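One structure coming up, written as structure tokens, with questions to follow.
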Amino acid sequence: MKLYVAAILALFLVAPVSGQSTGSAGKPKSTAELAFDRLKTIVGEWDGRSTKGWEDTNTFQLIAGGSVLMCRSFDSHPNETMVTMYHLDGDELVLTHYCVARNQPRLRATSISPDARTIELTFRDATNLPSRDKGHMDRVVMTFIDDDHFTSQWTWYQGGKEQWLEKIEYVRRKPGQPRPGTATSSAADCHDVGGFRQQRAVSDGPRFSSRER
């Protein structure tokens, strides 16, 4: 009888908890791993609209054996491409942002909600940045709403303080939907992005001033 009870208890102790995510070694996934799993769900093409008025197109792609999520953003600055790379670094989720400001800030996740629907990443270090006081993207908060919508709120840091922030709303592009910005006129570029309509002057210049660069 004692052996029977002991066997039942042993089975109970080693049985996995229902609904609990586990990693490759069978251990429960860390918060950073859960956050990276959340990021993987946005693979595909997205249209973005910023509270500062600009619109862009974004492609999220898993590379390097699924260990890195690469975001390629086009036209948030006219005819410019920027790249942001997300990956795990041990028990941390980190990103590197290859910015039009010609520096590359590296951020790490400092706050992750239990369901990994809200992820905040803050400045860790950077390349091509002699001092943190020189202008750079310093913080981002990502909020995942549903399968087809998420937001990111980026903060610009310069001169010892946060200078401005902007929120970007993303809408997943449907299969077969044409890329925006194909229609032009002699006076302006017209963009129809994910149901958002914007008309932007051809002479629209860079969104960073020379001081911010």
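Give segment 127-153 a look and list any residue that's touching a His at 6+ places or on another chain (Cβ under 9 Å) and closer than 24 Å to T31 by Cβ, or say none.
Correct list: M137, V140.
Restricting to segment 148-165, name every residue that is of a type in the set (G, A, S) and in contact with a strand residue (DSSP E or B) (Cβ under 8 Å, 6 or more places away or on another chain).
S152
Here is a further query. Any residue in segment 34-56 that's more than 30 Å from G90 (Cβ to Cβ) and surrounded by fewer than 19 Cβ atoms within 10 Å (Cβ to Cβ): show its pairings with residues that are of a type in the set (G, A, S) and modelled with pLDDT under 95 at Cβ separation under 8 Å, as long as the two are six or more apart or on different chains.
S50/S76
The values are calculated or read from the model by the stated rules, or taken from the named source; none is laboratory data. It should be emphasised that the depicted structure is a prediction, and the values quoted were computed from it without experimental measurement. Positions of Cβ are generated from backbone atoms using ideal geometry, with glycine treated the same way; all protein chains shown enter the neighbour counts.
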